[in-house]
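A.B. asks: Below you will find the structure I want to go over with you.
The values are calculated or read from the model by the stated rules, or taken from the named source; none is laboratory data. Owing to the predicted nature of the structure, the values given are computational and were not obtained by experimental measurement. Cβ placement follows ideal geometry from the backbone for every residue including glycine, while neighbour counts extend to all protein chains displayed. Protein only, heavy atoms only, side chains kept; ligands, DNA and RNA dropped before computing areas. Shrake-Rupley method; radii C 1.70, N 1.55, O 1.52, S 1.80 Å.
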Amino acid sequence: MPAGIARRDGVLHVDDVPLPAIAAGAGTATYVYSASVIRERVARLTAALDGVPHRVHYSLKANANGAILRVLREAGCGVDVVSGGELHRALHAGFTGRDIVFGGVGKTQRELKEALDAGVKLINVESDSELRLLAALAAARGVVAPVGLRINPEVDVENAHHYIATGEKGHKFGIGLPDALRVGREALAMPSIRLVAVDMHVGSQLHSFEAYREGMSRLVELARTLRADGAPIEYLDAGGGLPVPYGDEEEPDVAAYGAIVRQATAALGGVELLVEHGRYLVAASGSLLTRVLYRKESGHKTYVICDAGMTELIRPSHYDAYHQIDAVGDVPGRMTADVVGPVCETGDFLGLDREIPAVGPGDLLVVHTVGAYGVAMASRYNARPLAAEVLVDGSRWAVVTAREQYADLLRHEVASPQWQEA
Ligand code: LLP
């Protein structure tokens, strides 16, 4: 059972809150997060980085829920954002410019301006054309932009799915290693740019840390050369990517990871280490609570049809991702079933061929380890309003995102379109 979840008196609890109480009060489908699990993850990661100057910048894309952001802010984290919307959410949650790293492969002019206006700590640029646009925007505003070069370190990446590898040769992310020095020197010649960092992100859900070792050594080498050319390098940004166990895998050895990135930081010297983890900090804190609508047999298979599916959690169908599924109550008997959602797609499933308790209509199920890239990737397909979100803190719980209503689905629809002649 993931941290923070336990069966007591026959029912699953998140911390000290029984899940049926949340289902009764907030309905289903509902995302439930544990604040204590998030705090514990931050503490573990921070301990692994202790020994060199560092800051954990939580990668907002994993989950931008404001209540979670506040827990992370109070635990001392900064953030890593990749869009104007994420920047807006971060500022709304109380982060200030100095807490924010702005990344992303396709920042718009508007987003770059917003980053400059917010006074962010660092803008990681991913191409020479982006660098030139940023230099012009900063010059026009009379400011100097703090810039990092996101490098594609061109390392081999071993991870769960090729969609989430990013640092191999030919990927769209970052500046290719052979071009890095040229772009860096171009930056050095720009009066409105201050080249303060080198950055990488090699991939997500990385079970082998070799890619970190190789990537960091390439970053350090580049930083040394740029420094020799006069760059005031202040930060070494190692990106995110730590894995979490979704089934019976081991927890990652964060101490071993910490040793790799600390060593590179110490070798370069005079820099603050930045890390941008998302999944590691929040995945284990989240559970998706769903109610079984129907159970049926079809073509020798048993189907459990739930009120949550790919609209709430797309990871199973999009990445073939495995998430553990449990019954919330003490349900007698076991069976093998496909646990599916109500959406009109064969790819709409939470788990296939699962051995689970013999649940039936009305029973509650929980899908584990969905705090990262769960609600963040939710959709309204089939005109399904987005799920509610609940934060648990010890023995207390609260709805932190209200369930969408049908009226929300129509909120941006223009009732009387203003036709214009072309
Ligand atoms: N920094 C950068 C530049 C990134 O692109 C990412 C994730 C992170 C940090 C955070 O990575 P993490 O620590 O969470 O692995 N939707 C996929 C994951 C996509 C990750 C994209 N980039 C999934 O559900 O597995």
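A.B. asks: Is it true that some residue in the range 1-15 is in a helix (DSSP H, G or I) and either surrounded by fewer than 17 Cβ atoms within 10 Å (Cβ to Cβ) or modelled with pLDDT of 95 or more (or both)?
C.D. replies: The answer is no, given that none of the residues of the range 1-15 is in a helix (DSSP H, G or I) and either surrounded by fewer than 17 Cβ atoms within 10 Å (Cβ to Cβ) or modelled with pLDDT of 95 or more (or both).
A.B. asks: Can you tell me which of ARG185, ARG150 is at pLDDT 95 or above and within 26 Å of TYR319 (Cα to Cα)?
C.D. replies: Sole residue among the options that is at pLDDT 95 or above and within 26 Å of TYR319 (Cα to Cα): ARG150.
A.B. asks: Against the conditions (1) touching a residue at least 12 places away in the same chain (Cβ under 8 Å); (2) within 23 Å of LYS61 (Cβ to Cβ); (3) open to solvent by 50 Å² or more (accessible area, probe 1.4 Å); (4) not charged (D, E, K, R), where does HIS412 fall short? Just the number, please.
C.D. replies: (1)
A.B. asks: Which one of these is open to solvent by 10 Å² or more (accessible area, probe 1.4 Å), closer than 19 Å to VAL198 by Cβ and not assigned by TED's automatic domain parsing to the domain that holds ARG403: GLY104, GLY51, GLY85, GLY78?
C.D. replies: GLY104
A.B. asks: State the number of residues belonging to the range 193-243 that are surrounded by fewer than 19 Cβ atoms within 10 Å (Cβ to Cβ), polar (S, T, N, Q) and farther than 15 Å from VAL271 by Cα.
C.D. replies: Result for the range 193-243: 1.
A.B. asks: So, of the residues in the range 120-156 that are within 16 Å of the ligand (Cβ to nearest atom) and of a type in the set (Val, Ile, Thr), which turns out to be surrounded by the fewest Cβ atoms within 10 Å (Cβ to Cβ)?
C.D. replies: Residue satisfying both the conditions and the ranking: VAL155.
A.B. asks: For the subset of the range 54-67 comprising residues that are over 22 Å from VAL254 (Cα atoms) and among the hydrophobic types (A, V, I, L, M, F, W, C), which member is surrounded by the most Cβ atoms within 10 Å (Cβ to Cβ)?
C.D. replies: My answer is ALA64.
A.B. asks: In addition: Residues that are among the small types (Gly, Ala, Ser), open to solvent by 10 Å² or more (accessible area, probe 1.4 Å) and not assigned by TED's automatic domain parsing to the domain that holds LEU219: list the strands (runs of 3 or more DSSP E) wholly contained in the range 269-354 that include at least 1 such residues.
C.D. replies: 286-298
Okay, residues lined up against (1) within 16 Å of the ligand (Cβ to nearest atom); (2) within 16 Å of the chain's Cα centre (by Cα):
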{"position": "ALA26", "(1), (2)": "no, no"}
{"position": "TYR33", "(1), (2)": "yes, yes"}
{"position": "ALA47", "(1), (2)": "no, no"}
{"position": "SER59", "(1), (2)": "yes, yes"}
{"position": "LEU69", "(1), (2)": "yes, yes"}
{"position": "HIS88", "(1), (2)": "no, no"}
{"position": "VAL101", "(1), (2)": "yes, yes"}
{"position": "LYS107", "(1), (2)": "yes, no"}
{"position": "ALA118", "(1), (2)": "no, no"}
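A.B. asks: Checking VAL183 against (1) crowded, with 18+ Cβ neighbours inside 10 Å; (2) in contact (Cβ under 8 Å) with a residue 40 or more places away in the chain; (3) farther than 16 Å from GLU130 by Cβ, which test does it fail?
C.D. replies: Of the numbered conditions (1) crowded, with 18+ Cβ neighbours inside 10 Å; (2) in contact (Cβ under 8 Å) with a residue 40 or more places away in the chain; (3) farther than 16 Å from GLU130 by Cβ, the odd one out for VAL183 is (3).
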